[in-house]
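Pasting a structure below so you can have a look.
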Amino acid sequence: MNIFEISLNKKILQLWKEIPHVISFIDYLYDIKCDCGGWIRFLIKAYMILYVEGFSGVNVRIKRYYELASRSQKGYAEWIMQYDLWTSQVENEIMRRAENLASKPIISVVMPVFDPNPNMLAEAIKSVLHQVYPNWQLCISDDASTNPEIREILHFYQKIDKRIKIVFRSSNGHISRASNDAVELAGGDYIALLDHDDLLAPDALYWTAEAICRNPQAEIIYSDEDKIDASGKRSEHYFKPDWNYDLMLSQNMISHLGVYKKTLVDQVGRFRPGFEGSQDYDLALRCIEKISSDQIIHIPRVLYHWRQHQQSTSKSIDAKPYALDAARRAIQEHLERININADVDFHPELPYYRVRYHLPKTLPLVSLIIPTRNNHRYLKRCIESILNLTNYQNYEIIIVDNGSDSRDTLMYFSELRDIPGIRILRDPRPFNYSALNNNAVHNVRGSIIGLLNDDVEVLSRGWLSEMVSIVLQPGVGAVGARLLYPNSKDGLQHGGVILGLGGVAGHSHRHCMNQDHGYFGRAKLIQSFSAVTGACLIVEKSTFEHVKGFDENLAVAYNDVDFCLRIRVLGLRIICTPFAELIHHESVSRGIDYTPEKQKRFESETAAMRFRWGNQLENDPAYNPNLGLDTEKFDIAWPPRIEFRTSIGSRNEYA
């Protein structure tokens, strides 16, 4: 039996012909990821055969991939049991830590109430009573509930604990007014928002207080969350990124658990009537206008359990359709208040939002730089797609000829010289992506640079308008696009870059199918990332020059990632928009990097990135330490890269 006999389909046979090095072949197979069950069958067979045939080092790699594939079949429930289980040992240790906090801010939990399920209300209150951290208040505003049992339950718990404060409204004023009455009761330094049927994790307020102690400048704190059903089963974990302004304009990423400095809430006028259903989204947007990004702190722990039932938006947005429009209006008004000229639309596929930024009346000239060498077929497709589909009216194309000598390519260059707005810049040096682009930028006329590979193909007419409109916004450094593989079965090629994936960086949601919206919609939302690919990247020339362009020591790999990270050092955001869509015939002009020479160069550039950026590569603010670095699918991390509950108080703590 040989390697061909263990392949699962014709595609794998073809891949073996393209990648005849066995270790690289296995790496690539795992990267494209067949169905998990098929993968486990494949890996068992491959491990047995390669072990018997004695391929040096391969059996170890196969074994590791088998373990990864096996983990992916495990569910969130097993992850909770292994890393997030609440035990008496954990409780005692957290209690000890709470007692030793340098400061103990009072956290007022604000809960508006109107005719909830009585049992769920009681459980919500008990989740506050059972908090390990003791410095809290529970401020309840009953919005004239019609069920008399609700008043009885509230009185009962008020008698149990003097930290519970209640106001009974004489008439129903809806959730914003009820929430404001609850805030009026709050005497704490911070307020935490809790719905009348949801649950706080037992250590929710401890980790909040701990975050405040570590970040005394904190004005907003938010945590990860999940959903919980009537039986107590947890699901749909949302492991969120650190503060991500552009994602916040697409969805309410703060949501639960949201904690706010009381003085900040008072300053912005508390909750606004008229935004019911998204009143917390509106509050958050008004609050972030008054503070800086370093005052918004993310706790990467599931501290809030959102109740799933038929009347809750956790079950379906159809339960409160008015909430969608309220959120859209909240985003629109936020942008108007900060003088951003844009329109906010409903997302075409998701219960989220899309911001359409307006272009200035006088369009800036965009210089599209396209390095190429003997790649006539793909270059022609690239150029024609730009000319035929781009509705942006002010751009030039600069083709950087890296020593082409094929007859077809040279003839095509002759044709292009007659087209206005296209220039050909000859640069025959040995291939160095960074140097080619750096030199080309010295020859552009535009104030905006567009970097394109010669193997991309435009799909959407508004791709350049979309990207330019975003890069011109305050605080934006560079913008990337949604890139698809040419074969629809291969799905998404690039939707933003996540640091740490595969060792240095990888593409978010790679191979995600078009009908798959990704992790909480993130494959199809405008958002910030740490980097985007240079295969299609828009940047202002002044920004490019400020960071001194690409690092020419990174000739092929990771130069775009390094470039984006240096832009981020300036305090500028890197944004990827799914509304600029192109096909990427990835690396067709250079082939796959599996020759010994290319492998050596790749290893050198990888080492340079790890030396330069170090620990940042494993702590991407656009990702989460509870998500794994072994795949690009936002799979759960086994184990998480933070101290997890089941290690607290033991010798095996993982921090």
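Each value in this text was obtained by applying a stated rule to the coordinates, not by laboratory testing. Not measured: the values here are computed from a predicted model. Glycine also receives a Cβ, built like all others from the backbone with ideal geometry; neighbour counts cover every protein chain displayed.
Hey, which of these cross-link pairs are over 30 Å Cα-Cα: LYS233/LYS489; LYS380/LYS489; LYS126/LYS633; LYS159/LYS262?
Pairs exceeding the cut-off: LYS233/LYS489; LYS126/LYS633.
Give me the net charge for the shell around HIS334: Cβ to Cβ below 9 angstrom, other residues only, Lys and Arg +1, Asp and Glu -1.
After counting each charged neighbour, the total is -2.
I need the Debye-formula profile for the range 224-315: one equal scatterer per C-alpha, no solvent, reported as log10 I(q)/I(0) at q = 0.11, 0.25 1/Å, two decimals.
One equal scatterer on each Cα of the range 224-315 leads to -0.35, -1.37.
Obtain the nm distance between the two label points defined at PHE156 and SER103 by a simple spin-label model: each point lies 7 Å from its Cα along the Cα-to-C-beta direction.
3.9 nm
Counting just the Cα atoms, what span does the range 381-425 cover along each of its three principal axes? Round to the nearest Å and put the largest first.
In descending order, the Cα extents are 33, 18, 18 Å.
Using label points projected 7 Å from each Cα along Cα→Cβ, tell me how many nm separate ASN615 and ASN388, to one decimal.
5.2 nm
Where Rh denotes the Kirkwood radius from the mean inverse Cα pair distance, what is Rg over Rh for the range 429-497?
For the range 429-497, the value is 1.00.
For the range 326-449, what proportion of DSSP beta bridges, expressed in % and rounded to the nearest 5, is antiparallel?
25 percent
Can you tell me which aspartates and glutamates have their Cα less than 17 Å from the Cα of LYS598? Leave out same-chain residues fewer than eight positions away.
GLU18, ASP27, GLU552, GLU586
Taking amide H positions as placed 1.01 Å from N in the peptide plane, with prolines and chain starts having none, which residues 5 or more places from HIS347, or on another chain, fall under 5 Å of its amide H?
Amide H neighbours of HIS347: TYR352, TYR353, ARG354.
Principal axis extents for the range 351-452, Cα atoms only, whole Å, descending order, please.
49, 32, 26
Turning to a different aspect of this structure: Two decimals is fine: what's Rg over Rh for the range 153-213, C-alpha atoms, Kirkwood radius as Rh?
Answer for the range 153-213: 0.98.
For ILE297, what charge total do you get from the other residues with a beta carbon under 9 Å from its beta carbon, if Lys and Arg give +1 and Asp and Glu give -1?
Here the count lands on -2.
Sticking with this one: What does the extension gain come out to for ILE419 and LYS598, with contour length at 0.36 nm per residue minus their alpha carbon separation?
Additional length available on full extension: 60.8 nm.
Within a Cβ distance under 9 Å of ILE150, other residues only, what is the Lys/Arg minus Asp/Glu net charge?
So the surrounding residues net to -3.
Kirkwood hydrodynamic radius (Cα pairs, Å) of the range 133-260?
By the Kirkwood definition, the hydrodynamic radius is 16.5 Å.
Shape call for the range 469-603 from the C-alpha gyration tensor, a ≥ b ≥ c root eigenvalues: rounded (a/c under 1.5), prolate (a/b greater than b/c) or oblate?
oblate
A further question follows. Let me test this: with uniform point scatterers at the alpha carbons of the range 407-545, what is the Debye-based log₁₀ I(q)/I(0) at q = 0.16, 0.22 1/Å?
Result of the Debye calculation: -1.02, -1.50.
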